[in-house]
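Here, each number is a calculation from the coordinates, and none is a lab measurement. Fair warning: this is a prediction, and the values are worked out from it, not measured in the lab. We place every Cβ from the backbone using ideal geometry, glycine too, and count neighbours over all the protein chains shown.
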Amino acid sequence: MGKEISDRLGKAKELLSRLNEMSDISVKKERIEKQEQEASRADFWADNQSAKSKLKALNDLKREVGDWTVLHRRWEDLHTHHELAEEAGDKKELGEVELSVRQLEKDLEELDFRLKLSGEHDRSDVILSLHAGAGGTEACDWAQMLLRMYSRWAERKGFSFAVTDIQPGEEAGIKSATAFVQGIYAYG
């Protein structure tokens with residue numbers, strides 16, 4: 001069990017290093033400092049629209065660097081916890097470390113996924129339209145199932161999902177529906 005956990009921690013460390021290189025964490029930390037200095041200037045709010053845009057970019061940078069930093073600290077804590085549990089030969093602690101490593105791996109994969117979404121609109125909200133088209137009652141049922149699937153997916157991801165327009169089918173299901181999905185990376 002100890003060797004397996006050690007190997008998984010090693011792979012997690014490799015992924016952390018790749019994410020660090022891929023997203024240039026040190027460069028982003030420098031950009032955060034510069035942008036914070038700019039935001040503290042007295043004339044920063046002279047152009048309200050520009051200031052809001054710059055603050056949003058600054059907050060996005062802080063979130064990205066913060067997410068990586070938190071995961072890096074968790075890895076360090078788990079690595080130390082694992083070493084102590086190994087030295088003590090405590091199987092219960094090793095089991096807890098294994099559960100925590102599983103969660104760390106999952107969170108690292110999610111961060112990796114988010115960092116790969118670097119397109120212009122990937123962080124944007126979504127307007128989702130579903131249309132049954134031809135196919136009668138079965139197509140209307142299918143459209144309703146899709147709407148429910150998207151709704152549940154959005155809930156699991158922590159996005160808000162609001163149906164703004166819906167046309168029921170003649171016998172069952174829906175002919176069409178429009179929904180607004182709001183949240184970071186909803187479009188991506």
| How about LYS34: which lysines have a C-alpha closer than 30 Å to its C-alpha, ignoring those fewer than 8 places off in the same chain? | LYS13, LYS52, LYS54, LYS56, LYS62, LYS116
| query | Can you sort PHE113, PHE159 by how many other beta carbons sit within 10 Å, fewest first? | reply | PHE113, PHE159
| task | Would you mind checking the tilt of helix 48-88 against the longest principal axis of the Cα atoms of the chain, expressed as 0 to 90 degrees and rounded to 10? | result | 50
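Going by how many other Cβ atoms sit within 10 Å of their own, how do SER6, SER26 line up, fewest first? Let's see the in-between values first.
Details: SER6 14, SER26 11.
Starting with the residue having the fewest Cβ neighbours, the order is SER26, SER6.
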| said: Along the charge dipole of region 126-182, pointing to its positive end and built from +1/-1 on Cβ of Lys, Arg, Asp and Glu, which listed residue (VAL163, ILE174, HIS131) has its Cα farthest out? | reply: VAL163
| remark: The equivalent-ellipsoid semi-axes of the chain, taken as the square roots of five times the Cα gyration tensor eigenvalues and listed largest first in whole Å, are 40, 30, 12
| request: Specify which residue in the list HIS81, LEU94, LEU16 is farthest towards the positive end of the charge dipole of region 4-115, using unit charges on the beta carbon of Lys, Arg (+1) and Asp, Glu (-1), about the Cα centre. | output: LEU16
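Could you list the square roots of 5 times each eigenvalue of the Cα gyration tensor of region 126-182, that is, the equivalent ellipsoid semi-axes, sorted largest first and rounded to whole Å? Mind dumping the intermediate values first?
Numbers: eigenvalues 91, 22, 12 Å².
Equivalent ellipsoid semi-axes, largest first: 21, 11, 8 Å.
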| Under a point-charge model restricted to the Cβ atoms of Lys and Arg (+1) and Asp and Glu (-1), what is the dipole moment magnitude of the chain relative to its Cα centre, in debye to the nearest 20? | 360
| How far, in degrees from 0 to 90, does helix 136-157 lean away from the longest principal axis of the Cα atoms of the chain, to the nearest 10? | 30
| field | Ascending count of other beta-carbon atoms within 10 Å, so fewest first, for ILE32, ILE174 | value | ILE32, ILE174
| query | Once Rh is set to the Kirkwood radius over Cα pairs, what Stokes-Einstein translational diffusion coefficient, in µm²/s, holds for region 94-188 at a temperature of 4 °C and a viscosity of 1.567 mPa s? | reply | 84
| said: If you fit an axis through the alpha-carbon atoms of helix 2-23 and take the longest principal axis of the Cα set of the chain, what angle between them do you get, 0 to 90°, nearest 10? | reply: 70
| query | Gap in Å between the Cα centre of region 30-85 and the Cα centre of region 91-148? | reply | 25
